[in-house]
1. With the requirement that a residue be at pLDDT 95 or above and either buried (at least 20 other Cβ atoms within 10 Å of the Cβ) or farther than 20 Å from residue 116 by Cα (or both), what does segment 40-60 give you?
2. Filter segment 53-90 down to the residues that are under 23 Å from residue 122 (Cα atoms) and not in a helix (DSSP H, G or I) and list them by number.
3. If the requirement is being in contact with a helix residue (DSSP H, G or I) (Cβ under 8 Å, 6 or more places away or on another chain) and within 28 Å of residue 82 (Cβ to Cβ), which of these qualifies: 253, 181?
4. Out of (1) at pLDDT 95 or above; (2) surrounded by fewer than 23 Cβ atoms within 10 Å (Cβ to Cβ), the odd one out for residue 98 is which?
5. Using the structure shown, decide if residue 280 is closer than 18 Å to residue 235 by Cβ, surrounded by 11 or more Cβ atoms within 10 Å (Cβ to Cβ) and at pLDDT 95 or above.
6. Note down all Cβ pairs under 8 Å where the first residue falls in segment 248-277 and is at positive phi and modelled with pLDDT of 95 or more, the second is crowded, with 16+ Cβ neighbours inside 10 Å and assigned to a helix (DSSP H, G or I), and they're at least six residues apart or on different chains.
7. More than 25 Å from residue 161 (Cβ to Cβ), crowded, with 24+ Cβ neighbours inside 10 Å, modelled with pLDDT of 95 or more and in contact with a helix residue (DSSP H, G or I) (Cβ under 6 Å, 6 or more places away or on another chain), is that true of residue 105?
8. Would you say residue 166 is touching a helix residue (DSSP H, G or I) at 6+ places or on another chain (Cβ under 8 Å) and touching a residue at least 12 places away in the same chain (Cβ under 8 Å)?
């Protein structure tokens, strides 16, 4: 199982991965999170003020204007917005726009959590789960992450669901896990969509339902997620109880392969060999024209 933390701005949103939700069913691996430094870029002009310092800070992050982002997040926190301290902590932890200082970052997370930041609670829980700067403690991690989930943070809902599903830090509770996956999916969390798809496909914590599994994979695929694309391709190749459609399978395997799904390239070659050249050409044209839903 991989736990997730996202920052919410495109400039640094690549700090987290959800391998279990992207390549296979949940519970396949221990938690992972890859922090990727932001590539240096010239500072851009600060975006026009929206009147909300938190939004302004995120917009400045998007524009890679880190000085303006720091100023806005400080202003947000001073105005009582707890997430201002969270984003300051995240910038400190990753060394974005200033010298990295994980310990100071942790203190900011604690300050933000004390003021009700669900994002900060999720991060503190992840630190306890992995033993990052604190003793590893699955029970404390679960309590903290699930508290953040109750506050509505979609990453925390996804993470809490994984802990409940695997019984880490407490008893297993498949039904409650499904509930949190559903809440996260309703907010657009792609990892949760895939987790629900696998759950319905395999009958894990819910009654097996191929239709619901496909629907969740389709939602993830529509967003351009490689797992959703690959699994829809597999359904078309197998026929899913009906007639196989290798041309459609080619389309989705092609899209998944372009997004580096580890099994898609082999599947694409297999399906290509079974199609006529004209069918392959048509499927390739459809792939070039395909657009993900934002």
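The values are calculated or read from the model by the stated rules, or taken from the named source; none is laboratory data. What you see is a predicted model; the values in this text were computed from it and never measured. For neighbour counting, all protein chains shown are included, and Cβ atoms are generated from backbone atoms with ideal geometry for every residue, glycine included.
1. 53, 54, 56, 57, 58, 59, 60
2. 79, 80, 81
3. 181
4. (1)
5. So residue 280 fails the test.
6. 260/226
7. In short, no.
8. When the stated conditions are applied, residue 166 does not pass them.
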